[in-house]
Amino acid sequence: MSWRVGAETDLMKVLISACLLGENVRWNGQNKYAKKLLEWAESQDLELIPICPEDELLGTPRGKISLIQIEDNLCANYKGSDIASGLRQKCEEINDRHTDAAGFIGIYGSPSCGISAGVKNLGKTIKGFMHQSVECPSTESSALKNENNREIFLKRMKKYER
Ligand code: SF4
């Protein structure tokens, strides 16, 4: 398959969780290859830019990160340490590197790339750190299984690009 990944083009640039592109950057060294999503991106002439904040910060393979609310603080527990601040900074750094991106596609449930990440003791979900960091429209792969949602996301990105 020949979608344009990180090429220098005039196409609309869209950040995407690298594991969706088939890169083995998940905590366990595996991926979440999303063939249909990538076929759709190619049909829309999108230039996909893979990003993985956790791989950049911690390497792969790594332990799992879990979000937990402790008093007033949202903590990202990694092997007994709170890495929320470092992970947030990494996501902001990635965003700063790609100010020309028109959108970000993340993945369900991830503390970094999920649009609704679970937080122990909080009683509600929060946006993962990448979604909090980007200024462009963001969504996640599961939402884009729906054609109507794909159309809406494209419109949001085109409006943002203007
Ligand atoms: S941080 Fe994001 S891109 Fe990296 S493995 Fe987790 S979900 Fe995939």
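Counting every other Cβ atom within 10 Å of each residue's Cβ, I152, I51 order from fewest to most as I152, I51.
Here's how it looks for G103: its modeled amide H is under 5 Å from those of L15, which are all 5 or more places away or on a different chain. Antiparallel beta bridges, as assigned by DSSP with both residues in segment 49-162, represent about 70 percent of the total such bridges. Over the residues of the chain, the helix contribution to mean residue ellipticity at 222 nm works out to -9000 deg cm²/dmol, using -39500 (n - 2.57) for each DSSP H run of at least 4.
When a/c reaches 1.5 or more, the comparison of a/b and b/c decides; with that in mind, is segment 94-149 rounded, prolate or oblate per its Cα gyration tensor? Oblate shape, in that a/c is at least 1.5 and b/c is the bigger or equal ratio. Cβ crowding within 10 Å, taken as a proxy for footprinting-reagent exposure, orders M157, M130 from fewest neighbours to most as M157, M130.
Relative to the longest principal axis of the Cα atoms of the chain, the long axis of helix 84-97 lies at roughly 20 degrees.
For segment 7-87, applying the loop criterion from DSSP together with a ceiling of 11 other beta carbons within 10 Å to the GluC sites (Glu not before Pro) yields E8, E71.
From least to most packed, judged by other beta carbons within 10 angstrom and beginning with the fewest, L15, L74 follow the order L74, L15.
We did not get these values from a lab; they are worked out from the coordinates using the rules stated. Treat the numbers as computed from the prediction; the structure is a model and nothing was measured. No Cβ is skipped: glycine too gets one built from the backbone with ideal geometry, and neighbour counts run over all protein chains shown.
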